[in-house]
Amino acid sequence: KRAFKPKPEEDLYGDAALSFVTGLKLGVYTDGRPLDQKRQGALVDWLELLSISLPPELGLHALIDDLLNNMSYVSQGRDKLYEQLDKYPLANKYWSDSCSKGRRGQGQNCGLWKLLHIVTIGFAEHRGGLEQQDGSYVDVPMTSGPTFTPNEGAAIIREYIALFFGCDVCKNNFLSKYDDCVSFGRCDRMPVDARIDDVEDEDWKELPLWLWEFHNHISARIVQVKAKRDGGRDDEVIGIWPNAETCFSCYNIDGSWNMEELYAFLETAFWYASSSSDFKLDRALKDFDKAQRMSSSSTGTGGGVGVFTFFAWVGVIAAGFYASKRKNVWLADMQKHTSMPIARKGAAGKKA
């Protein structure tokens, strides 16, 4: 038993990693037969998406690479999959209290939400794998790999849910919303025919923002179902995250969402959770890199942003380091969001 309380980012990463491994153990094989081509392809896509999206702090890249390199072996049966997974034991054997709510061994769906948020934010941060191709950032543990458009990334998540997620009610609700192009504007925000070279910097943010909107929809619906069941307050605002207290700048003066501020908030919560200082510096580097790309594309030269401009970027971002004091507040509130009350009695750890 630990002599100290884990930090919120430790719970975040630990819950996500545990749900990743548990999801494979419970969902990949539903019978004793080897994986068919469709399920094997969906598993490869899921692992490749995670390989270009997850931060190294989760400690999953070695496992993911091993699974991909031994896919023919893993596809032969459940015992072969377990054999590979058992080579990489996780530090956490149980979900944190923020997911389990004191019910030891519960929390799979809560951890999966955390994993999906981390994956989609990482997907945007690494521009669907393009960062690995050009070696822009040193925190990426690969030098080459697959690339995906926002629509392709979303489709991979859909197939994972459709084929490997065990909660039928949750699965059907997700698929019904996903397959409806109008829901949260998915098809307009992530066009099917988009080419990866044509994806603009802002377009990469659409996948994590779409997932955030969908998660808020689910949380609000759970509040309504719980209120109807228990006779409590039926107010979907209770389930909305972040609220104004957690992120005042995420709201415009008319109460609508400020999507630019919201995305920065999600970055801090799910991607730079361990260091707000790293977030500010890396954001400055990314903004500088974006300015270089824009200048290069408009002038046809190799770049037109000078050293002075670079340090101006860093200086402006550094002035906001005070926000690091709010990091644990954001993360603690995020824990509540990913572990909203369940809709049905006896369904511990599951969301509808």
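All of the numbers you see were taken from the coordinates with simple rules; none came from a lab. Since this is a predicted model, take the numbers as computed values, not measurements. Every residue, glycine as well, gets a Cβ built from its backbone with ideal geometry; the counts of neighbours run over all protein chains shown.
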### Chain lengthening between His61 and Ser249 when straightened (0.36 nm per residue, less Cα-Cα)
64.2 nm
#### Entry: Overall Cα dimensions of the range 161-245, principal axis frame, Å, largest first
52, 36, 20
### Task
Kindly state, to the nearest 0.05, the FRET efficiency for Val225 paired with Leu175, given R0 = 22 Å and r defined as their beta-carbon distance.
0.70
### Summary
Residues whose built amide H sits under 5 Å from the amide H of Tyr251, excluding neighbours closer than 5 in sequence, are Asn258
### Task
Could you count how many Lys pairs in the range 16-137 have their Cα atoms under 28 Å apart, skipping same-chain pairs fewer than 8 positions apart?
15
